[in-house]
Every structure is written in structure tokens, then in C-alpha cells.
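Worksheet: one structure, shown below.
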Amino acid sequence: MKKVLILGGSGFVGRHVCAKLAKLGWRVTVPTRRALNAQAVQTLPLVDVVTADVHDPAQLAALVAGHDAVINLIAILHGTPESFERTHVKLVRSLISACKSQGVSRLVHVSALGVSETVSAAPSLYLRSKSEGEALLRATRLDWTIIRPSVIFGADDKFLNLFAKMSQIAPFIPLAGAHSQFQPVWVEDVAQAVVNALQGQGHRKVFDACGPEVYTLKQLVQLAGNASGIPGGRPVLPLPEWAGQLQARVMEHLPGEPLMSRDNLASMRVANVASSLPGLQALGIQASALSAIAPTYLGRHNPMRRNDDLRAHAR
């Protein structure tokens, strides 16, 4: 039986990867700082959840030992220069060292669309740190595959669901980066791309992971509103650059994880769409369209639908 270590296995994409590999009969190890964070995968057959700090090089090397492959899904969207460096660069460096010391050569790394092979060309801390991490990996002799997804959507996403919730309470939506372009990709397709790469496709290659449709951020906000029961979606007010920066600065200081940051806005200067690299089709996947998938789960935000569900349950 093959064994794979999944860093970030309890996250949005990781949960889907774990489920697919368990069905294939792979033994999966998911490290987490708190077992409570991995409840979604603990009940899956062949999935072992272990408490560990993957940022500790010694613990990471011990985790890698005895596995046939490693998948790295760990990433952050918001943070300080130090936290981006720690997550996207230092962790990759430690992971490369651990793989070499433990004799594990196969590594699938999920990066991000918009990453540049010229680190200095990246406009944001997020993209620069992602670029640095990729550069470290490409410089090794490990048997790596890099997958660069666009924004990922799915039933539990924090992207379209957020816009759907906003549409229920706001008469209009002021929006920074409204004309930024995205090519959203379904979480199931990203997870399948990881699994297909792990099974032998795409050795030492980089792949774009994108859906078949390109949207502006404004269009995505309106689509989410429409799918959640607001015909046509709420009016969107595109903000000029200065107002967008102000909005992002305010959001950075709100409690909890920011909805948007100035670094996010900098990242959106790069169109988040497919490049000339091979795409999902090269990994044997026909990408699903957001327009077909998103309405199947965004409708739960519609108050009328919730009332209908409650009445049906009452019967």
C-alpha cells in the first residue's frame, strides 16, 4: 500500500484530496497542530491524523519518513512579510531538506496562478513568496509537479459564499479591484489534478489549473448574488484605486481574518487567467464550469429557500 503525507490535508482542497486518495487505497497521513481542525478527514478510511508542527524541521523530517510521496497544500492569503516567508518559502525549504534526508523524491506542490519565474516581477508579497518557494523546488533534483490554480470555488469556499452573504444584507456593494480577471476552478478538479499528478502524470512540470470561464471580480459578485436569490445580483460600485486602497486598509484592521488586504489588491494587478502552460486537460481533466456548479450551493443563502427547507423539515 502506498503512503502519502499531505501538508494542509485538513484544508479546503486537502479534504477533497484525502477523500479521493482514500478511495484509491492510499494510506494518507495528515499532520495538524490541533486534531480538532482535522475532524472533516478523521473519519475517512486509511487517513491518519497526527498532531505535529510542520514548521519545525525535525518534526517535518520525522513526518516525511516512511512515505512514498508528499503533497504540499499549505498557503496563506494574508499576513506580514515574515508570515509569507515562513509559510511559502521556509516551509518549502524545510520540506525539500526533509525529502532528501528521508529518501522521498516525489512531491506535488500546489502554488498559485500568477506566480512568476522572475521573483522580482511579482507585484505582491503573496506572489513573491510563492515565486520564491517554486524557485527552490525547481532547483532541486526531486521528482516534483507544480500545480497553479486560479481562485478555487466549491460548496465550502470562502469566496463566492462570502459574496452571496454580502448580497443578502447590502443594497449595493462597493468593490476594489472590480475589473480584475479570474478563471475560477472547481475544488474537485484541483483535487483530481493533484491525485492524477501523484499517480504519475506531469513529472517535473508546471500546470495551470483553471476553469473554462473568465470573469471579472464584479461579474463574480453579481453571479453569487443572483444565484443566492437576488435577481441579477446587487449593483456593484467599482472603487477607484485610492478608495480601493482605503477600503483594503480598513479591512486589514477588522477583527478576524481580513476579507481583503492591500497585498490582495497588488496581486490582482496580474490577470488570474491561464497562461501558455499546460492546463488541466494535460492531466486528464475536463474542467467544470463555475456557471454550472456554483448555483447548486449558493442557493442555500436565499432566505426563501431556507424557509422552504424549514417547512419541508417540519412536515
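What to note about this one:
- In this entry, the chain is assigned a mean projected area of 17.0 nm², taken as a quarter of its C-alpha convex hull surface.
- Each peptide in 97-105, 182-190 receives the mean, over its residues, of other Cβ atoms within 10 Å, and ordering these scores from highest gives 182-190, 97-105.
- Under Karplus coefficients 6.51, -1.76 and 1.60, residue-wise ³J(HN,Hα) of region 54-68 in Hz, glycine/proline x: 5, 7, 8, x, 5, 5, 5, 4, 5, 5, 5, 3, x, 9, 8
- Structure-based [θ]222 nm, the chain - -39500 (n - 2.57) summed over DSSP H runs of at least 4, per residue, nearest 500: -11500 deg cm²/dmol
- The phi torsions of region 222-232, fed into the Karplus equation with coefficients 6.51, -1.76 and 1.60 and a -60° offset, translate into couplings of 6, 4, 5, x, 4, 5, 9, x, 9, x, x Hz, rounded to whole numbers, with Gly and Pro shown as x.
- The phi-based Karplus calculation (6.51 cos²θ - 1.76 cosθ + 1.60; θ = phi - 60°) puts the 3J(HN,Hα) values of region 282-289 at 5, 9, x, 10, 8, 5, 8, 7 Hz, whole numbers, x for Gly and Pro.
- Value of D in µm² per second that Stokes-Einstein yields for region 175-296, Kirkwood Rh from Cα pairs, at 10 °C (1.306 mPa s): 98 µm²/s
- Packing-based ranking, highest mean first, of 44-55, 242-253 given that Cβ atoms within 10 Å are counted: 44-55, 242-253
- Amide H contacts of Val50 (H built 1.01 Å from N, in plane; Pro and chain starts excluded): Val30, Thr32 sit under 5 Å, all sequence-distant by 5 or more or on other chains.
- Helix 91-102 vs. the chain, principal-axis angle (Cα, 0 to 90°, nearest 10): 30 degrees
- Cβ charges +1 (Lys, Arg) and -1 (Asp, Glu), total dipole of the chain, debye: 400 debye
- Binning the C-alpha pair distances of region 1-126 at 10 Å intervals from 0 yields a P(r) profile of 13, 44, 33, 10, 0 %, listed from the shortest bin outward.
- Across all Cα pairs in region 63-126, the calculated P(r) in 5 Å bins from zero up to the longest distance comes to 4, 15, 24, 23, 16, 11, 6, 1 percent per bin.
- The long axis of helix 12-23 is offset from the longest Cα principal axis of the chain by roughly 50 degrees.
- Peptide packing for 137-146, 116-125 was compared via the average number of neighbouring C-beta atoms within 10 Å per residue; ordered from the highest value, the list is 137-146, 116-125.
No lab work stands behind these numbers, since they all come straight from the coordinates. Given the structure is predicted, the values throughout are model-derived calculations rather than measurements. Every residue, glycine among them, receives a Cβ derived from its backbone with ideal geometry; neighbour counts consider all protein chains shown.
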